[in-house]
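The values are calculated or read from the model by the stated rules, or taken from the named source; none is laboratory data. Source: prediction; values computed, not measured. Here the Cβ positions follow ideal geometry from the backbone for every residue, glycine too, while neighbour counts run over all protein chains shown.
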Amino acid sequence: MADEQFKRNIAFKFRIGDLLIGKPVMDGERFSFLELGNKRIIRVNIAGNIVDKYESEGEKKYSFFTLDDGSGQIKLKSFGDDVEKFKDVNQGQTVIVIGVLRYFNNETYISPGIIKEQDPKYLLVRKMEIEKDKSQNYQPAEKKEIVAIKDKILEEIKKSEEAGGIDVDKIIMDLRETSPEIINQEIKKLLEEGIIFEPRPGKVRWLG
């Protein structure tokens, strides 16, 4: 029965930044699912780069990987016999991960079932794929809400002037309650309106 349930759970494709703003829903002390918008997420299909790897030494076997896709980072954790399965996965690889979400000690992580190496170019393909899905499903927020988000983004950018600008990824991390999709959309509008500029890709500054 557990296997059937596992097969029925869709492996949702998401950016890591989106998963990090999801709400873990518990059944007692046990993690049940991650709530994101109207979705209940248990399994995920994520693409990213392995930026860190740690393997235990000694009797207790476990391996931890850090996966980064430009929107955020999430841990992949394997224990026992699964460690052997992923021994050839190394730092620097671009991979697709299909696995089950877990939540422990205030951290959402992935228990991987599959980690498959990909060409680094695949990350861009995946990003475009997700953005296309989002634009088809995206319901515009209320106008007031959008204005408030725009004000928050401008505030972040103005605060960073002395430091020579701010990375878009940092704005996304600081405004976690807002989806990266909406933030990117508003930054694009601000660039088009000439209110801000991009000294280099991914970094923005106030033009006031």
Answer residue from region 112-127, given it is under 20 Å from Y62 (Cα atoms) and among the hydrophobic types (A, V, I, L, M, F, W, C) and is modelled with the highest pLDDT among those: I115
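Looking at the structure I just gave you, is E162 without any contact (Cβ under 8 Å) to a residue 12 or more places away in the chain and part of a helix (DSSP H, G or I)?
When the stated conditions are applied, E162 passes them.
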Which one of these is without any contact (Cβ under 8 Å) to a residue 40 or more places away in the chain and closer than 16 Å to P180 by Cβ: F86, F64, F12? F12
Out of G113, G92, G99, report the one residue that is part of a loop (DSSP other than H, G, I, E, B) and out of contact with any His (no Cβ under 6 Å at 6 or more places or on another chain). G92
Hey, among the residues in region 182-208 that are touching a strand residue (DSSP E or B) at 6+ places or on another chain (Cβ under 7 Å) and of a type in the set (V, I, T), which one's surrounded by the most Cβ atoms within 10 Å (Cβ to Cβ)? V204
Residue within region 73-88 that is under 18 Å from the mean Cα position of the chain (by Cα) and at pLDDT below 95 present: no
